[in-house]
Ligand code: ADP
């Protein structure tokens, strides 16, 4: 299911003194099976953009289509079954007595049989890399990283063909972060689904994404491969990274993006 955004503008609180153009004439195409990362300053429009991709937000002007179907139309409900959205801090939405019930929640609403639900819940748990033994626990007994993965499992269980994750590792420790990125990467490789990842974790973005989009002030400021995006230090400064952050990033990137030109880093680090 390809996604296209065609000259999309989105205005919050239109007509009020707080009116804000969060997206300005954004055009973009996302292909089936692509791993796309979206980076940029806080407030640059990343969340607003990705919420257009499941029709939660509809363009103020322009058009977003999923598989050729306009998100302003009536067929959106059906399409949404194929688009999984993991919001920031998704564990805040855990509320059931057990982990099993929480993961099964969306499936029950879709009308799957009990047997199907059990199978899908177990598959999702294994996909996100948590032990089946926690299914009967209360979600509130779990560690922060486990809670996060349970919340994501609830979305993964629906077998989306497009998975959108908005800062899925925010607030996790390095191990929790690695675990989340590991299964995202595994899902992309094994299931060949489309992944759209909003993240501040530049090293992971560079390592995982096939294409990176840099948002700035509601517009697509740059797009390209990790090699193209992270090549230019002046551009990194523009997207808000400080000099020490850039040095650190460059060092890390040398390990994860081997095709980057070594000389660029040597010059920058000197
Ligand atoms: P990002 O995800 O890159 O941090 P957002 O898409 O959340 O950016 O925000 C883009 C702009 O829209 C920001 O200026 C933000 O303050 C504004 N904005 C976001 N959500 C709302 C909202 N619900 N009401 C009003 N303004 C909003």
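The values are calculated or read from the model by the stated rules, or taken from the named source; none is laboratory data. Remember, predicted model here, so these are calculated numbers, not experimental data. Backbone-built Cβ (ideal geometry, glycine too); neighbour counts: all protein chains shown.
The table below gives the values:
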{"quantity": "Strands (runs of 3 or more DSSP E) contained entirely in the stretch 1-108, each with at least 1 residues that are at pLDDT 95 or above and within 12 Å of the ligand (Cβ to nearest atom)", "calculated": "3-12, 20-30, 35-40"}
{"quantity": "Scan of the stretch 133-179 for residues that are out of contact with any helix residue (DSSP H, G or I) (no Cβ under 6 Å at 6 or more places or on another chain), assigned by TED's automatic domain parsing to the domain that holds residue 97 and assigned to a helix (DSSP H, G or I), ordered by number", "calculated": "133, 140, 141, 144, 146, 149, 152, 155"}
{"quantity": "Failed condition for residue 92, given (1) over 23 Å from residue 53 (Cβ atoms); (2) surrounded by fewer than 12 Cβ atoms within 10 Å (Cβ to Cβ)", "calculated": "(1)"}
{"quantity": "Only one of 199, 185 that is closer than 17 Å to residue 84 by Cα, within 16 Å of the ligand (Cβ to nearest atom) and at pLDDT 90 or above", "calculated": "199"}
{"quantity": "Filter result (touching a residue at least 60 places away in the same chain (Cβ under 8 Å), surrounded by fewer than 19 Cβ atoms within 10 Å (Cβ to Cβ) and under 23 Å from residue 162 (Cα atoms)) within the stretch 188-222", "calculated": "192, 200, 210, 211, 219"}
{"quantity": "Scan of the stretch 211-240 for residues that are out of contact with any strand residue (DSSP E or B) (no Cβ under 7 Å at 6 or more places or on another chain) and outside any helix (DSSP H, G or I), ordered by number", "calculated": "217, 230, 231, 232, 240"}
